[in-house]
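Take a look at the structure set out below.
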Amino acid sequence: MRPQIGRERVQGRMDGTTLISLYCTSIAAPSQWEGQLADGRFIYVRYRHGRGAARVGNSAEQARQSPIGFVFDGDGRATNADPFDGEAHGNEQFLDGFLSTNALLDLLTASGMDVADARIVSATD
């Protein structure tokens, strides 16, 4: 069992969603994952510079372009800003970071998503 992640690290909720599959598509900066939810929708997650976001859509392409469902900070600094636009970074210095799939699953769980029975394909662990 993975340790509990504090809710202060996520903004937004994914309550009532169940993850059935998750594939790591890139371990480089940005780290990226694509998956499918039990209701047939797709999820796209991207992590870079210590920040990440999940988007959901009716197709994989739509998920990559949809509004953000929730954002998270891999280092504990939660923010409502889109982690991939220039304004979110301001004048702060960020390092390209690595987020393991297990850490991502913890963050998805903290957002309210059920990940217990998901099929995981990962190059990060």
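For region 1-21, a residue qualifies if it is at pLDDT below 80 and closer than 13 Å to Leu107 by Cα, and the qualifying residues are Arg2, Pro3, Gln4, Ile5, Gly6, Arg7, Glu8, Arg9, Val10, Gln11, Gly12, Arg13.
Figure legend. Inter-residue proximity from region 96-109: first residues open to solvent by less than 30 Å² (accessible area, probe 1.4 Å), second residues at pLDDT 85 or above and assigned to a loop (DSSP other than H, G, I, E, B), beta-carbon distance below 8 Å, spacing 6+ or different chains. Indicated pairs: Leu105/Val115; Leu105/Ala118; Leu108/Val115.
For region 31-54, enumerate the residues that are open to solvent by 20 Å² or more (accessible area, probe 1.4 Å) and over 17 Å from Gly16 (Cβ atoms). Within region 31-54, Gln32, Glu34, Arg46, Arg48, His49 meet the criteria.
The values are calculated or read from the model by the stated rules, or taken from the named source; none is laboratory data. Small disclaimer: the values here were computed from a predicted structure and weren't measured. All Cβ positions, glycine included, derive from the backbone under ideal geometry; neighbour counts span all protein chains shown. Protein only, heavy atoms only, side chains kept; ligands, DNA and RNA dropped before computing areas. Shrake-Rupley method; radii C 1.70, N 1.55, O 1.52, S 1.80 Å.
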